[in-house]
Amino acid sequence: MTEAELFDTLRGVCVDSAWSILARNGLQDTFVQGLQCLFPDRKMVGRAITMKYLPHRADLVESLKIRERGLGNNVGPRNATPGDVLVIDACGITNGGAFGDILVAGLQANGGEGIVIHGAMRDLAAIRDMDTPVYYTDTHAAGSRGIMCVDYNVPVECGGVTVVPGDVIFGDCEGVLVIPAHLAEEVATEAAALEHKENFVRSKIESGAVKVENAYPMSADLQAEYEEFKAAGN
């Protein structure tokens, strides 16, 4: 499966189905908690690039070579490539918007697929007119305050989840799921199969053909009917 096929397959399923497959693989804690979703009707799929912030300390700016390494707020957008999702560890600090419309426009212009920030956004009125999915902890009218970008494309923490550059980031109206790259194809394929089966079961309940107690879990008769339905190419 190519990366494009993988991303298209994930766009056809829901985050909760993908989570179920990750849970089967022992990964139950990769759903990013505490995020708001700016565009609930859009799905977001891409590979993670990251920015790491820390609370500001003037004495560390020089020793960490922040300026020399180009670690300004635009380091993520300016280095983004098509298919990237920018994941920002802003320490959950929300007394100023770490990212706004100009930086979102920069990410979008370079082909970025979305932004996930453990921190605050600003300029949402302008961002609502853009095409980039945004997930955020909170909003604030002020610009970035009290934090400094200390690294780029390193493992970060986002809403209680460790995110590694190259992870597949999958978002829908429920929130954001972090999928390790080596499991992404299995998750996409199995989640699609799970939803195919569940859609069949739901249609049977909705039509009145099956009672819920015989559908969840599936009775042997319903399972056999589903196998016939699937074998027929439905």
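Determine, for each peptide in 20-28, 72-80, the mean count of other beta carbons within 10 angstrom over its residues, then list the peptides with the highest first.
Peptide ranking by packing, descending: 72-80, 20-28.
Checking the cross-link filter: which lysines have an alpha carbon closer than 18 Å to that of Lys52, excluding same-chain neighbours under 8 positions apart?
Lys65
Please work out the ratio of the alpha-carbon Rg of the chain to 2.2 N^0.38 Å and round it to two decimals.
1.17
Could you work out the relative contact order of the chain? I mean the mean sequence separation of Cα pairs under 8 Å and 6+ apart, divided by the number of residues, in percent.
Value for the chain: 28 percent.
Can you list the residues, at least 5 places off or on another chain, whose amide H is less than 5 Å from the amide H of Met148, using H built in the peptide plane?
Those qualifying (amide H under 5 Å, at least 5 residues apart or on another chain) are Leu54, His56.
In square angstrom, what is the accessible area per residue of region 11-109 with a 1.4 angstrom probe?
Averaged over the residues of region 11-109, the accessible area is 47 Å².
Over every pair of different alpha-carbon atoms in region 95-234, take the mean of 1/r and invert it; report that Kirkwood radius in Å.
Answer for region 95-234: a Kirkwood hydrodynamic radius of 18.6 Å.
Could you tell me what a quarter of the Cα convex hull surface of region 185-234 works out to, in nm² with one decimal place?
So the mean shadow area of the Cα hull is 3.7 nm².
With a cut-off of 8 Å between alpha carbons and a minimum separation of six or more residues, what is the relative contact order of region 131-223 in percent?
The normalised contact order for region 131-223 reaches 12 percent.
What is the dipole size for the chain, taken about its Cα centre, with +1 at each Lys and Arg Cβ and -1 at each Asp and Glu Cβ, in debye to the nearest 20?
The calculation lands at about 760 debye.
Counting only protein heavy atoms and using a 1.4 Å probe, what share of the accessible area of the chain belongs to carbon plus sulfur, as a whole percent?
The computed percentage sits at 50.
Go ahead and estimate [θ] at 222 nm for the chain from helices alone: -39,500 (n - 2.57) per DSSP H run with n ≥ 4, summed, over the residue count, rounded to 500.
So the calculated ellipticity at 222 nm is -10000 deg cm²/dmol.
Suppose we keep just the DSSP beta bridges with both residues in the chain; what percent of those would be antiparallel, to 5?
Around 55 percent antiparallel, to the nearest 5.
Out of Asp101, Asp16, Asp129, any idea which swings most in a Gaussian network model of the chain, alpha carbons joined below 10 Å?
Highest fluctuation among the options: Asp129.
Roughly how many debye, to the nearest 20, is the charge dipole of region 182-234 about its Cα centre, given +1 on each Lys and Arg Cβ, -1 on each Asp and Glu Cβ, and no other charges?
The dipole of region 182-234 has a size of about 200 debye.
Stretch Asn199-Glu186 to full length: gain in nm at 0.36 nm per residue minus the Cα-Cα span?
Going from the current span to full extension adds 2.7 nm.
Can you tally the net charge around Ser20? Count Lys and Arg as +1, Asp and Glu as -1, for every other residue whose Cβ sits under 11 Å from the Cβ of Ser20.
Once all neighbours under 11 Å are counted, the net charge is -3.
For region 116-233, what is the accessible area per residue in Å² when the probe is 1.4 Å?
Accessible surface, normalised per residue, equals 49 Å².
Top to bottom by accessible area (1.4 Å), largest first, where do Cys149, Cys14 land?
Cys14, Cys149
Heavy atoms of the protein only, probe of 1.4 Å, neighbouring chains included. What is the accessible area of Lys197 in Å², nearest 10?
For Lys197, solvent-accessible area is about 60 Å².
Taking a 1.4 Å probe, which of Thr50, Thr94 shows the most accessible area, and what order do the others take after it?
Highest to lowest solvent-accessible surface, that is Thr94, Thr50.
Starting at the first residue of region 223-230, write each ³J(HN,Hα) from the Karplus equation 6.51 cos²θ - 1.76 cosθ + 1.60 with θ = phi - 60°, in whole Hz, x for Gly and Pro.
Those phi angles translate into 4, 5, 5, 5, 4, 5, 4, 5 Hz.
With a 1.4 Å probe and all protein chains in place, put Phe229, Phe99 in order of accessible area, largest first.
Greatest to least solvent exposure: Phe229, Phe99.
The values are calculated or read from the model by the stated rules, or taken from the named source; none is laboratory data. None of the values given here were measured: they were computed from a predicted structure. Here the Cβ is made from the backbone with ideal geometry for all residues, glycine too, and neighbour counts use every protein chain on show. Ligands, DNA and RNA are stripped out before the accessible areas are found, and what is left, the full protein with its side chains, is counted by its heavy atoms. Shrake-Rupley method; radii C 1.70, N 1.55, O 1.52, S 1.80 Å.
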